[in-house]
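Enquirer: Mind having a look at this structure? Questions to follow.
The values are calculated or read from the model by the stated rules, or taken from the named source; none is laboratory data. Note that the structure is a prediction, hence the values are computed from the model and not measured. Quick reminder, even Gly has a Cβ in these numbers, built from the backbone with ideal geometry, and neighbours come from all protein chains shown.
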Amino acid sequence: MNDDFELSRRKALAALGTIGAASAGAGLGTSAYFSDQETFENNELVAGTLDLKMDWEEHYSDWSTDETQVDGGSVETRMEPPTDSTPGTWTAFPIGSTSPDVWVRSDDSVGTDGDSSLDAYMDNTSIEAYPDPDDDGIQDAATTICGSDSDLADVPDDRDPTASESLRTLNNSSESGRGEATFDDVDDGDGTGPLPLLNLEDVKPGDYGEVTFSFHLCDNPGFVWLTGDLEEARENGTTESEADDPDEDGPTDEVVTETSAIPDSDVELLEEIRVAVWYDDNCDNIQQRGTSPEGLVTGGSLADFLTDAASGDGIPLTGDIAASEGGGMGRNCFSGGASTASASRGGSRSTTPTRSRATPSRSTSASTPSSAVTTTRRSTPSASRVASTRPSPPIRRCPS
């Protein structure tokens with residue numbers, strides 16, 4: 001048998017062309033398989049909503065005698081720290097201070113109402129609240145947290161205490177009552193709107209106060225930041241003793257209008273006002289003390305606070321649920337779904353743990369923890385002046 005065969009160049013090229021054609025055909029078949037399509041029409045992506053409600057109560061002490069007076073008695077206070085042998089339980093003021101000036105007894109009964117000295121003292125120093133329909137400066141209970149008939153505040157709409165539906169303490173200098181004055185009739189110093197929440201005049205060394213904000217997310221979970229920024233700080237000249245201070249070398253007419261300029265400023269009041277921010281877990285407007293003070297967020301000078309509050313998104317507040325439970329990532333966020341709860345100091349707030357994700361299938365009746373800010377003024381030059389914007393808690397939905 002003759003096994004010899006002949007392969008010309010033309011035959012070899014023809015064979016390779018056949019193989020190439022087969023490969024190309026296989027490639028076309030594969031391409032057709034992966035380009036197959038199925039169509040789903042009318043899809044929708046709907047963004048979640050955030051509805052934040054606020055309530056608050058503010059206290060201020062200027063050491064006036066009426067702060068310790070009650071019908072049929074007086075508030076029991078002491079100027080020295082209580083010792084182990086001192087009868088009773090005592091609360092230190094200024095709240096959040098590491099060097100308190102006064103202690104008020106909290107386990108006694110004074111006056112005709114039988115309140116403790118602490119309760120009477122807190123009522124006597126309460127100057128602003130929401131809701132406060134009777135305008136006594138003390139927060140009243142809120143029965144409806146969310147919805148169109150909420151007793152809580154939508155800021156800035158409900159800042160105007162003269163509005164007919166407003167429940168903010170009337171704090172305008174005129175005699176106008178609710179519904180009797182327009183927004184611009186309320187004296188805020190420049191005639192353009194209601195007084196700011198923190199509006200203190202003739203502050204003296206040693207005065208102190210605090211404000212507790214309680215915020216409620218009515219639908220989705222959200223992240224919360226505490227923000228603030230400097231509006232204006234003035235040196236306002238120098239007193240005689242201040243001018244004699246060898247460290248007093250700044251301009252007497254200095255005006256600071258940017259937070260970023262604070263480190264180079266010589267306006268002493270920015271450093272002399274002390275600020276503490278904490279989580280008021282039991283909503284009593286008082287920071288519980290101990291080896292680990294209740295929920296301390298930050299503390300230091302007003303300059304320190306404003307610098308932190310104006311940096312980036314502000315001071316991040318730690319929520320009550322894991323971000324993953326709220327549909328996001330990162331630090332804990334705050335659960336939503338608040339519906340009805342009482343909101344008043346010393347009253348009954350919602351005690352439902354805010355631990356579940358607020359979605360239509362898993363919503364809860366809950367109010368978020370409060371955050372509080374306290375300020376105290378050490379010995380400071382009497383001519384200095386600082387005006388800062390109100391701290392505000394911006395919210396963001398837990399990102400998905």
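Enquirer: Enumerate the pairs (first residue in segment 289-314 and closer than 21 Å to Ser265 by Cβ; second residue anywhere and at pLDDT 85 or above and of a type in the set (Lys, Arg)) with beta-carbon separation below 7 Å, excluding pairs fewer than 6 apart on the same chain, so at least 6 apart or on different chains.
Expert: As it stands, the answer is Ser301/Arg274, since those pairs meet every condition given.
Enquirer: Of the conditions (1) touching a residue at least 60 places away in the same chain (Cβ under 8 Å); (2) farther than 30 Å from Ile273 by Cα, Gly73 fails just one. Which one is it?
Expert: Answer for Gly73: the failing condition is (1).
Enquirer: Can you tell me which residues in segment 120-165 are among the polar types (S, T, N, Q), over 19 Å from the mean Cα position of the chain (by Cα) and assigned to a loop (DSSP other than H, G, I, E, B)?
Expert: Thr125, Thr143, Thr144, Ser148, Ser150, Thr162, Ser164
Enquirer: Look at Arg168 and say whether it is modelled with pLDDT of 80 or more, under 22 Å from Asp284 (Cα atoms), buried (at least 21 other Cβ atoms within 10 Å of the Cβ) and over 20 Å from the mean Cα position of the chain (by Cα).
Expert: no
Enquirer: What are the residues in segment 98-110 that are more than 15 Å from Trp63 (Cβ to Cβ) and under 28 Å from the mean Cα position of the chain (by Cα), if any?
Expert: Hits for segment 98-110 are Thr98, Ser99, Ser106.
Enquirer: Turning to a different aspect of this structure: Assuming Phe93 fulfils every condition listed in (1) within 30 Å of Pro205 (Cβ to Cβ); (2) free of Cβ contacts under 8 Å to residues at least 24 places away in the same chain apart from one, which condition is it?
Expert: (2)
Enquirer: Check Asn199 against each of (1) without any contact (Cβ under 8 Å) to a residue 60 or more places away in the chain; (2) of a type in the set (S, T, N, Q); (3) in a loop (DSSP other than H, G, I, E, B); (4) over 19 Å from Phe305 (Cα atoms) and name the one condition it does not meet.
Expert: So the condition that Asn199 fails would be (4).
Enquirer: In this structure, does Ile262 turn out to be assigned to a loop (DSSP other than H, G, I, E, B), out of contact with any Gly (no Cβ under 8 Å at 6 or more places or on another chain) and in contact (Cβ under 8 Å) with a residue 24 or more places away in the chain?
Expert: no
Enquirer: If you don't mind, there's one more thing I want to ask. Select from segment 77-123 the residues that are under 26 Å from Arg274 (Cα atoms) and in contact with a Lys or Arg (Cβ under 6 Å, 6 or more places away or on another chain) and list them in ascending order.
Expert: Once the filter is applied, which keeps residues that are under 26 Å from Arg274 (Cα atoms) and in contact with a Lys or Arg (Cβ under 6 Å, 6 or more places away or on another chain), segment 77-123 yields Trp90, Trp103, Ser117.
Enquirer: Further question: What number of residues in segment 42-101 are surrounded by 19 or more Cβ atoms within 10 Å (Cβ to Cβ), out of contact with any Phe, Trp or Tyr (no Cβ under 6 Å at 6 or more places or on another chain), hydrophobic (A, V, I, L, M, F, W, C) and assigned to a loop (DSSP other than H, G, I, E, B)?
Expert: Qualifying residue count, segment 42-101: 1.
Enquirer: Report yes if some residue within segment 296-312 is outside any helix (DSSP H, G or I) and at pLDDT below 85; otherwise report no.
Expert: Yes, segment 296-312 contains at least one residue that is outside any helix (DSSP H, G or I) and at pLDDT below 85.
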